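In what follows, a structure is listed as C-alpha coordinates, so that the remarks can point back to it.
The values are calculated or read from the model by the stated rules, or taken from the named source; none is laboratory data. Fair warning: this is a prediction, and the values are worked out from it, not measured in the lab. Using ideal geometry, Cβ is built from the backbone for each residue, glycine included, and neighbour counts are taken over all protein chains shown. Areas reflect the complete protein model, heavy atoms only, side chains present, ligands, DNA and RNA absent. Shrake-Rupley method; radii C 1.70, N 1.55, O 1.52, S 1.80 Å.
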Amino acid sequence: MKVPLALVVDDEPDIRELLELTLGRMKIDTRNAADLSQALTLLTQEHFDICLTDMRLPDGNGIDLVRHIQQQELNIPVAVITAYGNMESAVEALKAGAFDFISKPVDLQVLRNLINSVLKLSDDYPKRDRRSRDTLLGDSQPMCRIRSTIEKLSRSQAPVYISGESGTGKELVARLIHSKGPRGDKPFVPVNCGAIPSELMESEFFGHRKGSFTGAVGDKAGLFQVAEGGTLFLDEVAELPLHMQVKLLRVIQEKAVRPIGEQQENPTDVRILSATHKNLGQLVEEGQFRQDLFYRLNVIQLPVAALRERREDIPMLAEHFLKLLAARSDHTAFILSAAALQALANYPFPGNVRELENILERATTLCEGSVIQADDLQLPEHATEPEVSPADHPPELEPGTVPLDTYMDGIEKEALLKALEQTRYNKTAAAKLLGITFRALRYRLKKLGLE
(Lines give C-alpha, C1' and ligand atoms only; values in the text may rest on other atoms or scores of the structure.)
Protein backbone atom coordinates (compact mmCIF):
# COMPACT_ATOMS: atom_id res chain seq x y z
CA MET A 1 0.00 0.00 0.00
CA LYS A 2 1.46 3.35 -1.02
CA VAL A 3 2.10 6.05 1.55
CA PRO A 4 -0.66 8.74 1.43
CA LEU A 5 0.44 12.24 0.44
CA ALA A 6 -1.06 15.42 1.96
CA LEU A 7 -0.85 19.05 0.82
CA VAL A 8 -0.67 21.49 3.76
CA VAL A 9 -1.39 25.14 2.92
CA ASP A 10 -0.90 27.80 5.62
CA ASP A 11 1.08 31.04 5.81
CA GLU A 12 2.05 30.41 9.47
CA PRO A 13 5.19 28.20 9.74
CA ASP A 14 4.19 27.01 13.26
CA ILE A 15 0.82 25.72 12.02
CA ARG A 16 2.44 24.00 9.03
CA GLU A 17 4.94 22.30 11.34
CA LEU A 18 2.19 21.14 13.75
CA LEU A 19 0.16 19.67 10.91
CA GLU A 20 3.20 18.00 9.32
CA LEU A 21 4.23 16.42 12.65
CA THR A 22 0.70 15.12 13.27
CA LEU A 23 0.38 13.70 9.76
CA GLY A 24 3.89 12.23 9.96
CA ARG A 25 2.94 10.26 13.08
CA MET A 26 0.02 8.87 11.05
CA LYS A 27 2.52 7.74 8.37
CA ILE A 28 1.40 10.36 5.87
CA ASP A 29 3.91 12.26 3.71
CA THR A 30 3.40 16.00 3.30
CA ARG A 31 4.20 18.87 0.98
CA ASN A 32 3.62 22.39 2.23
CA ALA A 33 2.76 25.73 0.68
CA ALA A 34 2.73 29.18 2.26
CA ASP A 35 0.15 30.67 -0.10
CA LEU A 36 -2.39 29.89 -2.80
CA SER A 37 0.07 30.32 -5.67
CA GLN A 38 2.50 27.73 -4.26
CA ALA A 39 -0.38 25.34 -3.62
CA LEU A 40 -1.63 25.59 -7.23
CA THR A 41 1.89 24.86 -8.49
CA LEU A 42 2.25 21.77 -6.28
CA LEU A 43 -1.13 20.46 -7.48
CA THR A 44 0.27 20.33 -11.04
CA GLN A 45 3.33 18.37 -9.93
CA GLU A 46 1.97 15.55 -7.73
CA HIS A 47 -1.25 13.73 -6.90
CA PHE A 48 -2.43 14.32 -3.33
CA ASP A 49 -4.75 12.17 -1.21
CA ILE A 50 -5.83 15.07 1.02
CA CYS A 51 -5.43 18.82 1.29
CA LEU A 52 -5.48 20.85 4.52
CA THR A 53 -5.72 24.58 3.91
CA ASP A 54 -6.10 27.66 6.05
CA MET A 55 -9.03 29.88 5.18
CA ARG A 56 -7.00 33.10 5.07
CA LEU A 57 -4.03 33.09 2.70
CA PRO A 58 -1.82 36.03 1.61
CA ASP A 59 -2.99 35.85 -2.02
CA GLY A 60 -6.52 34.43 -1.69
CA ASN A 61 -8.43 32.08 0.58
CA GLY A 62 -9.06 28.40 1.15
CA ILE A 63 -12.39 28.49 -0.68
CA ASP A 64 -10.57 29.57 -3.86
CA LEU A 65 -8.45 26.43 -3.53
CA VAL A 66 -11.52 24.25 -2.92
CA ARG A 67 -13.22 25.63 -6.04
CA HIS A 68 -10.06 25.15 -8.14
CA ILE A 69 -9.80 21.49 -7.08
CA GLN A 70 -13.50 20.98 -7.85
CA GLN A 71 -13.29 22.67 -11.25
CA GLN A 72 -10.20 20.68 -12.25
CA GLU A 73 -11.88 17.44 -11.02
CA LEU A 74 -8.74 16.49 -9.10
CA ASN A 75 -10.75 14.31 -6.68
CA ILE A 76 -8.86 15.51 -3.60
CA PRO A 77 -10.79 15.85 -0.31
CA VAL A 78 -10.11 19.30 1.15
CA ALA A 79 -10.44 20.25 4.82
CA VAL A 80 -10.52 23.99 5.51
CA ILE A 81 -9.09 25.44 8.74
CA THR A 82 -11.26 28.34 9.91
CA ALA A 83 -10.90 30.98 12.61
CA TYR A 84 -12.60 30.20 15.93
CA GLY A 85 -16.35 30.79 15.71
CA ASN A 86 -16.33 31.69 11.99
CA MET A 87 -19.06 29.28 10.92
CA GLU A 88 -20.08 31.42 7.94
CA SER A 89 -16.76 30.69 6.24
CA ALA A 90 -16.98 27.01 7.17
CA VAL A 91 -20.46 26.69 5.65
CA GLU A 92 -19.34 28.55 2.52
CA ALA A 93 -16.39 26.14 2.17
CA LEU A 94 -18.66 23.10 2.55
CA LYS A 95 -21.07 24.49 -0.04
CA ALA A 96 -18.11 24.97 -2.41
CA GLY A 97 -17.23 21.27 -2.05
CA ALA A 98 -14.91 21.00 0.96
CA PHE A 99 -14.87 17.60 2.67
CA ASP A 100 -14.97 19.12 6.17
CA PHE A 101 -13.67 21.99 8.30
CA ILE A 102 -11.57 22.38 11.46
CA SER A 103 -11.67 25.39 13.78
CA LYS A 104 -8.60 27.04 15.29
CA PRO A 105 -7.01 26.24 17.64
CA VAL A 106 -6.74 22.86 15.92
CA ASP A 107 -7.80 19.96 18.14
CA LEU A 108 -5.41 17.15 17.16
CA GLN A 109 -7.94 14.40 17.94
CA VAL A 110 -10.51 16.07 15.68
CA LEU A 111 -7.81 16.34 13.00
CA ARG A 112 -6.89 12.65 13.30
CA ASN A 113 -10.56 11.63 13.07
CA LEU A 114 -10.93 13.71 9.93
CA ILE A 115 -7.78 12.26 8.33
CA ASN A 116 -8.92 8.70 9.05
CA SER A 117 -12.27 9.42 7.37
CA VAL A 118 -10.49 10.82 4.31
CA LEU A 119 -8.17 7.80 4.01
CA LYS A 120 -11.23 5.55 3.76
CA LEU A 121 -12.05 7.34 0.47
CA SER A 122 -8.64 6.58 -1.07
CA ASP A 123 -8.13 4.14 -3.94
CA ASP A 124 -6.12 1.79 -1.71
CA TYR A 125 -8.84 1.42 0.91
CA PRO A 126 -11.19 -1.61 0.52
CA LYS A 127 -14.01 -0.46 -1.74
CA ARG A 128 -17.51 0.09 -0.37
CA ASP A 129 -20.38 -0.74 -2.71
CA ARG A 130 -21.72 2.64 -3.81
CA ARG A 131 -24.64 1.33 -5.84
CA SER A 132 -28.04 2.10 -4.39
CA ARG A 133 -30.41 1.04 -7.20
CA ASP A 134 -31.36 -2.16 -5.36
CA THR A 135 -32.17 -0.21 -2.18
CA LEU A 136 -33.67 3.03 -3.47
CA LEU A 137 -35.99 1.61 -6.11
CA GLY A 138 -37.07 3.38 -9.29
CA ASP A 139 -35.81 4.18 -12.78
CA SER A 140 -37.54 7.55 -13.07
CA GLN A 141 -35.46 10.67 -13.66
CA PRO A 142 -35.94 11.97 -10.07
CA MET A 143 -34.70 8.66 -8.62
CA CYS A 144 -31.69 8.41 -10.96
CA ARG A 145 -30.80 11.98 -9.97
CA ILE A 146 -31.12 11.35 -6.23
CA ARG A 147 -28.99 8.16 -6.40
CA SER A 148 -26.28 10.09 -8.21
CA THR A 149 -26.45 12.85 -5.59
CA ILE A 150 -26.25 10.33 -2.73
CA GLU A 151 -23.01 8.96 -4.17
CA LYS A 152 -21.48 12.44 -4.18
CA LEU A 153 -22.76 13.36 -0.73
CA SER A 154 -21.43 10.14 0.79
CA ARG A 155 -17.89 11.37 0.03
CA SER A 156 -18.38 14.53 2.10
CA GLN A 157 -18.90 15.35 5.77
CA ALA A 158 -21.15 18.34 5.07
CA PRO A 159 -24.53 18.46 6.87
CA VAL A 160 -27.39 17.48 4.55
CA TYR A 161 -31.00 18.59 4.93
CA ILE A 162 -33.35 16.03 3.33
CA SER A 163 -36.71 17.57 2.46
CA GLY A 164 -39.87 15.91 1.24
CA GLU A 165 -43.37 14.82 2.14
CA SER A 166 -44.13 12.16 4.74
CA GLY A 167 -43.64 8.63 3.46
CA THR A 168 -41.18 9.47 0.66
CA GLY A 169 -38.28 7.58 2.24
CA LYS A 170 -36.16 10.34 3.77
CA GLU A 171 -34.66 8.04 6.42
CA LEU A 172 -33.75 5.50 3.73
CA VAL A 173 -31.92 8.26 1.85
CA ALA A 174 -30.08 9.26 5.04
CA ARG A 175 -29.06 5.63 5.72
CA LEU A 176 -27.66 5.36 2.19
CA ILE A 177 -25.61 8.57 2.52
CA HIS A 178 -24.17 7.10 5.73
CA SER A 179 -23.58 3.53 4.54
CA LYS A 180 -21.92 4.48 1.25
CA GLY A 181 -19.44 6.85 2.92
CA PRO A 182 -16.38 6.51 5.16
CA ARG A 183 -18.57 6.35 8.29
CA GLY A 184 -20.47 3.30 7.02
CA ASP A 185 -18.88 0.93 9.54
CA LYS A 186 -19.83 3.22 12.45
CA PRO A 187 -23.27 3.75 14.06
CA PHE A 188 -26.21 5.30 12.23
CA VAL A 189 -28.44 6.75 14.96
CA PRO A 190 -31.91 7.97 13.89
CA VAL A 191 -33.92 10.09 16.29
CA ASN A 192 -37.44 11.45 15.90
CA CYS A 193 -37.15 14.94 17.38
CA GLY A 194 -40.91 15.13 17.89
CA ALA A 195 -41.02 11.98 20.02
CA ILE A 196 -38.76 13.18 22.87
CA PRO A 197 -40.39 15.16 25.72
CA SER A 198 -38.95 18.68 25.88
CA GLU A 199 -37.75 18.34 29.48
CA LEU A 200 -35.75 15.17 28.64
CA MET A 201 -34.31 16.39 25.37
CA GLU A 202 -30.96 17.76 26.63
CA SER A 203 -30.25 14.55 28.55
CA GLU A 204 -31.23 12.39 25.55
CA PHE A 205 -29.00 14.30 23.13
CA PHE A 206 -25.95 15.04 25.31
CA GLY A 207 -26.16 12.54 28.18
CA HIS A 208 -25.81 13.20 31.91
CA ARG A 209 -23.68 12.34 34.91
CA LYS A 210 -24.92 10.46 37.96
CA GLY A 211 -26.57 12.78 40.47
CA SER A 212 -26.75 15.75 38.11
CA PHE A 213 -30.52 15.99 38.67
CA THR A 214 -33.29 14.14 40.48
CA GLY A 215 -33.63 10.71 38.94
CA ALA A 216 -30.11 10.62 37.46
CA VAL A 217 -29.19 7.37 39.23
CA GLY A 218 -26.27 6.65 36.89
CA ASP A 219 -24.22 8.03 34.01
CA LYS A 220 -26.08 8.08 30.70
CA ALA A 221 -24.58 8.40 27.21
CA GLY A 222 -26.44 10.80 24.94
CA LEU A 223 -27.28 10.31 21.27
CA PHE A 224 -24.13 12.17 20.21
CA GLN A 225 -21.97 9.78 22.24
CA VAL A 226 -23.84 6.74 20.87
CA ALA A 227 -23.31 8.00 17.30
CA GLU A 228 -19.58 8.74 17.87
CA GLY A 229 -17.65 8.27 14.63
CA GLY A 230 -20.89 7.76 12.70
CA THR A 231 -24.01 9.68 11.73
CA LEU A 232 -26.82 11.25 13.76
CA PHE A 233 -30.05 11.53 11.75
CA LEU A 234 -32.40 14.19 13.12
CA ASP A 235 -35.79 13.23 11.72
CA GLU A 236 -38.60 15.81 12.02
CA VAL A 237 -35.99 18.38 13.05
CA ALA A 238 -38.66 21.10 12.80
CA GLU A 239 -40.08 19.76 16.09
CA LEU A 240 -37.02 20.81 18.12
CA PRO A 241 -37.96 23.40 20.76
CA LEU A 242 -36.08 26.71 20.55
CA HIS A 243 -33.93 26.06 23.63
CA MET A 244 -32.62 22.85 22.05
CA GLN A 245 -32.02 24.59 18.74
CA VAL A 246 -29.55 26.90 20.54
CA LYS A 247 -27.72 23.97 22.15
CA LEU A 248 -27.59 21.97 18.92
CA LEU A 249 -26.19 25.01 17.10
CA ARG A 250 -23.33 25.19 19.59
CA VAL A 251 -22.50 21.49 19.21
CA ILE A 252 -22.34 21.84 15.41
CA GLN A 253 -20.10 24.91 15.68
CA GLU A 254 -17.74 23.60 18.36
CA LYS A 255 -17.86 19.89 17.46
CA ALA A 256 -18.08 19.21 21.19
CA VAL A 257 -20.78 18.22 23.69
CA ARG A 258 -21.11 18.75 27.42
CA PRO A 259 -23.20 16.17 29.31
CA ILE A 260 -25.47 17.53 32.07
CA GLY A 261 -23.48 17.68 35.29
CA GLU A 262 -20.07 17.82 33.63
CA GLN A 263 -17.89 20.94 33.60
CA GLN A 264 -15.99 20.50 30.34
CA GLU A 265 -16.98 19.87 26.76
CA ASN A 266 -15.82 16.69 25.04
CA PRO A 267 -14.91 16.59 21.33
CA THR A 268 -17.45 14.73 19.19
CA ASP A 269 -17.02 13.25 15.74
CA VAL A 270 -20.52 12.96 14.31
CA ARG A 271 -21.99 13.82 10.92
CA ILE A 272 -25.39 15.50 11.09
CA LEU A 273 -28.15 14.63 8.63
CA SER A 274 -31.63 16.11 9.16
CA ALA A 275 -35.08 15.86 7.63
CA THR A 276 -38.63 17.06 7.99
CA HIS A 277 -41.84 16.99 5.96
CA LYS A 278 -42.48 20.62 6.95
CA ASN A 279 -41.28 23.71 5.06
CA LEU A 280 -38.32 24.64 7.26
CA GLY A 281 -37.64 27.85 5.34
CA GLN A 282 -41.19 29.03 6.03
CA LEU A 283 -40.83 28.17 9.73
CA VAL A 284 -37.70 30.36 9.80
CA GLU A 285 -39.69 33.26 8.33
CA GLU A 286 -42.39 32.72 10.96
CA GLY A 287 -39.81 32.75 13.78
CA GLN A 288 -40.46 29.13 14.78
CA PHE A 289 -37.03 27.85 13.72
CA ARG A 290 -33.68 29.60 14.19
CA GLN A 291 -32.26 31.00 10.98
CA ASP A 292 -28.64 30.39 12.05
CA LEU A 293 -29.35 26.70 12.78
CA PHE A 294 -31.21 26.29 9.48
CA TYR A 295 -28.21 27.85 7.72
CA ARG A 296 -25.89 25.25 9.26
CA LEU A 297 -28.15 22.23 8.76
CA ASN A 298 -29.06 23.23 5.22
CA VAL A 299 -25.50 23.30 3.84
CA ILE A 300 -26.73 20.91 1.15
CA GLN A 301 -30.43 20.36 0.53
CA LEU A 302 -31.59 17.07 -0.96
CA PRO A 303 -35.27 17.04 -1.97
CA VAL A 304 -36.97 13.63 -2.21
CA ALA A 305 -39.69 13.44 -4.88
CA ALA A 306 -43.29 12.57 -3.99
CA LEU A 307 -44.55 9.30 -5.48
CA ARG A 308 -47.06 11.11 -7.70
CA GLU A 309 -44.08 12.91 -9.30
CA ARG A 310 -42.55 9.57 -10.36
CA ARG A 311 -45.56 7.43 -11.26
CA GLU A 312 -43.49 5.27 -13.63
CA ASP A 313 -41.82 3.73 -10.55
CA ILE A 314 -45.11 2.42 -9.09
CA PRO A 315 -45.04 -1.01 -10.86
CA MET A 316 -41.48 -1.70 -9.67
CA LEU A 317 -42.25 -0.61 -6.11
CA ALA A 318 -45.48 -2.62 -6.06
CA GLU A 319 -43.67 -5.75 -7.26
CA HIS A 320 -41.02 -5.26 -4.58
CA PHE A 321 -43.56 -4.89 -1.75
CA LEU A 322 -45.66 -7.83 -2.98
CA LYS A 323 -42.58 -10.09 -2.93
CA LEU A 324 -41.87 -9.05 0.66
CA LEU A 325 -45.50 -9.56 1.68
CA ALA A 326 -45.63 -13.00 0.03
CA ALA A 327 -42.46 -14.09 1.83
CA ARG A 328 -43.79 -12.73 5.14
CA SER A 329 -47.10 -14.61 4.84
CA ASP A 330 -45.52 -17.79 3.41
CA HIS A 331 -47.53 -17.22 0.23
CA THR A 332 -46.29 -18.33 -3.20
CA ALA A 333 -46.76 -14.97 -4.91
CA PHE A 334 -49.12 -12.01 -5.31
CA ILE A 335 -49.73 -10.23 -8.60
CA LEU A 336 -51.75 -7.16 -9.55
CA SER A 337 -54.47 -7.36 -12.17
CA ALA A 338 -54.25 -4.85 -15.03
CA ALA A 339 -57.15 -2.89 -13.53
CA ALA A 340 -55.50 -2.80 -10.09
CA LEU A 341 -52.21 -1.59 -11.56
CA GLN A 342 -54.06 1.13 -13.51
CA ALA A 343 -55.89 2.20 -10.35
CA LEU A 344 -52.56 2.58 -8.53
CA ALA A 345 -51.10 4.51 -11.45
CA ASN A 346 -53.97 7.01 -11.22
CA TYR A 347 -53.94 7.41 -7.44
CA PRO A 348 -52.15 10.55 -6.09
CA PHE A 349 -50.65 8.86 -2.98
CA PRO A 350 -50.79 11.64 -0.36
CA GLY A 351 -48.92 9.21 1.93
CA ASN A 352 -46.35 8.35 -0.77
CA VAL A 353 -44.35 5.10 -0.74
CA ARG A 354 -45.35 4.29 2.83
CA GLU A 355 -49.01 4.51 1.82
CA LEU A 356 -48.40 2.27 -1.22
CA GLU A 357 -46.94 -0.39 1.08
CA ASN A 358 -49.92 -0.11 3.47
CA ILE A 359 -52.44 -0.33 0.60
CA LEU A 360 -50.78 -3.47 -0.76
CA GLU A 361 -50.56 -5.06 2.68
CA ARG A 362 -54.30 -4.53 3.15
CA ALA A 363 -55.02 -5.80 -0.38
CA THR A 364 -53.09 -9.05 0.13
CA THR A 365 -55.26 -9.70 3.18
CA LEU A 366 -58.51 -8.98 1.36
CA CYS A 367 -57.87 -10.65 -2.00
CA GLU A 368 -59.02 -14.18 -2.74
CA GLY A 369 -56.20 -16.17 -4.26
CA SER A 370 -53.03 -14.63 -5.67
CA VAL A 371 -54.44 -11.97 -8.01
CA ILE A 372 -55.17 -8.57 -6.46
CA GLN A 373 -58.15 -6.85 -8.08
CA ALA A 374 -58.83 -3.11 -8.11
CA ASP A 375 -61.58 -3.49 -5.47
CA ASP A 376 -59.10 -5.17 -3.11
CA LEU A 377 -57.07 -1.95 -3.03
CA GLN A 378 -59.96 0.00 -1.50
CA LEU A 379 -58.76 3.29 -2.98
CA PRO A 380 -60.96 6.37 -2.39
CA GLU A 381 -62.90 7.00 -5.60
CA HIS A 382 -62.28 10.75 -5.49
CA ALA A 383 -58.54 10.25 -5.91
CA THR A 384 -58.27 7.95 -8.93
CA GLU A 385 -57.67 10.67 -11.52
CA PRO A 386 -53.99 11.60 -11.91
CA GLU A 387 -54.65 15.25 -12.55
CA VAL A 388 -56.62 15.67 -9.31
CA SER A 389 -54.50 15.68 -6.15
CA PRO A 390 -55.89 16.01 -2.60
CA ALA A 391 -52.91 18.23 -1.83
CA ASP A 392 -54.04 20.77 -4.45
CA HIS A 393 -55.46 24.03 -3.19
CA PRO A 394 -59.25 24.37 -3.27
CA PRO A 395 -60.67 25.94 -6.44
CA GLU A 396 -60.83 29.72 -6.76
CA LEU A 397 -64.31 30.92 -5.88
CA GLU A 398 -65.80 32.75 -8.84
CA PRO A 399 -69.45 33.83 -8.90
CA GLY A 400 -71.64 31.32 -10.69
CA THR A 401 -68.82 28.83 -11.46
CA VAL A 402 -68.13 26.92 -8.22
CA PRO A 403 -70.96 25.82 -5.92
CA LEU A 404 -70.37 26.91 -2.33
CA ASP A 405 -70.64 23.32 -1.02
CA THR A 406 -67.92 22.14 -3.43
CA TYR A 407 -65.64 25.01 -2.46
CA MET A 408 -66.09 24.41 1.29
CA ASP A 409 -65.53 20.65 0.82
CA GLY A 410 -62.24 21.46 -0.91
CA ILE A 411 -61.05 23.58 2.03
CA GLU A 412 -62.14 20.95 4.57
CA LYS A 413 -60.49 18.16 2.59
CA GLU A 414 -57.18 20.01 2.46
CA ALA A 415 -57.26 20.68 6.21
CA LEU A 416 -58.00 17.02 7.00
CA LEU A 417 -55.23 15.72 4.75
CA LYS A 418 -52.68 18.15 6.17
CA ALA A 419 -53.58 17.09 9.72
CA LEU A 420 -53.30 13.40 8.81
CA GLU A 421 -49.96 13.97 7.11
CA GLN A 422 -48.60 15.89 10.11
CA THR A 423 -49.60 13.07 12.47
CA ARG A 424 -48.42 10.29 10.11
CA TYR A 425 -52.03 9.18 9.60
CA ASN A 426 -52.75 8.72 13.31
CA LYS A 427 -56.45 9.60 13.35
CA THR A 428 -56.64 10.16 17.11
CA ALA A 429 -53.74 12.64 16.95
CA ALA A 430 -55.20 14.29 13.82
CA ALA A 431 -58.54 14.84 15.54
CA LYS A 432 -56.76 16.44 18.52
CA LEU A 433 -54.76 18.67 16.16
CA LEU A 434 -57.96 19.83 14.45
CA GLY A 435 -59.77 20.37 17.75
CA ILE A 436 -62.56 17.90 16.96
CA THR A 437 -63.57 14.52 18.38
CA PHE A 438 -62.34 11.26 16.88
CA ARG A 439 -65.96 10.44 15.93
CA ALA A 440 -66.35 13.78 14.14
CA LEU A 441 -63.12 13.16 12.21
CA ARG A 442 -64.32 9.74 11.06
CA TYR A 443 -67.64 11.25 9.94
CA ARG A 444 -65.89 13.96 7.91
CA LEU A 445 -63.46 11.49 6.34
CA LYS A 446 -66.32 9.25 5.29
CA LYS A 447 -68.37 12.18 4.02
CA LEU A 448 -65.51 13.39 1.82
CA GLY A 449 -64.56 9.93 0.56
CA LEU A 450 -61.27 9.88 2.48
CA GLU A 451 -61.99 6.99 4.85
Counting only protein heavy atoms and using a 1.4 Å probe, what share of the accessible area of the chain belongs to carbon plus sulfur, as a whole percent? 50 percent
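Of LYS278/LYS447; LYS186/LYS255; LYS220/LYS247; LYS95/LYS152; LYS152/LYS418, which ones are farther than 22 Å apart at the Cα? Numbers along the way, then the final one.
Numbers: LYS278/LYS447 27 Å; LYS186/LYS255 18 Å; LYS220/LYS247 18 Å; LYS95/LYS152 13 Å; LYS152/LYS418 33 Å.
Correct reply: LYS278/LYS447; LYS152/LYS418.
Report the calculated FRET efficiency for GLN342 and ASN279 (r = Cβ-Cβ distance, R0 = 25 Å), to the nearest 0.05.
The formula returns an efficiency of 0.15 here.
How do the peptides 48-55, 63-70 rank, highest first, by the average count of neighbouring beta carbon atoms within 10 Å per residue? Let's see the in-between values first.
Details: 48-55: 24.2, 63-70: 19.8.
The packing order, highest mean first, is 48-55, 63-70.
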Roughly what angle does helix 404-422 make with the longest principal axis of the chain, taking Cα atoms, 0 to 90 degrees, to the nearest 10? 40 degrees
Probe 1.4 Å, all protein chains in place: accessible area of LYS255 in Å², nearest 10? 40 Å²
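Is it possible to state the helix-based mean residue ellipticity at 222 nm for the chain, with each DSSP H run of 4+ residues giving -39500 (n - 2.57), the sum divided by total residues, to the nearest 500 deg cm²/dmol? What is it?
Values: 19 runs with 194 residues, N = 451.
Helix-only estimate at 222 nm: -12500 deg cm²/dmol.
Quick one: ranking ARG439, ARG362, ARG311, ARG271 by accessible area, 1.4 Å probe, largest first, what do you get? Mind dumping the intermediate values first?
Numbers: ARG439 200, ARG362 95, ARG311 55, ARG271 10 Å².
Reading off the accessible areas and sorting them downward yields ARG439, ARG362, ARG311, ARG271.
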For the Cα atoms of the chain, what angle does the longest principal axis make with the long axis of helix 13-25, in degrees from 0 to 90, nearest 10? 70 degrees
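Order of 223-233, 428-438 by packing, highest average Cβ count within 10 Å first?
Working: 223-233: 20.7, 428-438: 14.9.
Packing order, densest peptide first, comes out as 223-233, 428-438.
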Between helix 36-45 and the chain, what is the angle of the helix's C-alpha long axis to the longest principal axis, kept within 0 to 90° and rounded to the nearest 10? 90 degrees
About the Cα centre, charge dipole magnitude for region 1-111 (Lys/Arg +1, Asp/Glu -1 at Cβ), debye: 320 debye
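Given Cα pairs under 8 Å that are at least 6 residues apart, what percent is the relative contact order of region 177-241? All intermediate terms of the calculation are to be shown ahead of the outcome.
Details: 94 pairs, mean separation 30.2, N = 65.
For region 177-241, the relative contact order is 47 percent.
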Treating only the Cβ of Lys, Arg, Asp and Glu as charged (+1, +1, -1, -1), what charge dipole size does the chain show about its Cα centre? Round to the nearest 20 debye. 1080 debye
At q = 0.10, 0.13 Å⁻¹, what is the base-10 log of I(q)/I(0) for the chain according to the Debye formula with one equal point scatterer per Cα and no solvent? Please give it to two decimals. -0.85, -1.20
Determine the per residue accessible area of the chain with all protein chains present and a 1.4 angstrom probe, expressed in square angstrom. 50 Å²
With an 8 Å cut-off on Cα pairs and a minimum separation of 6 or more residues, tell me the relative contact order of the chain in percent. 11 percent
Mind grabbing the accessible area of GLU319 for me, 1.4 Å probe, Å², rounded to tens? 100 Å²
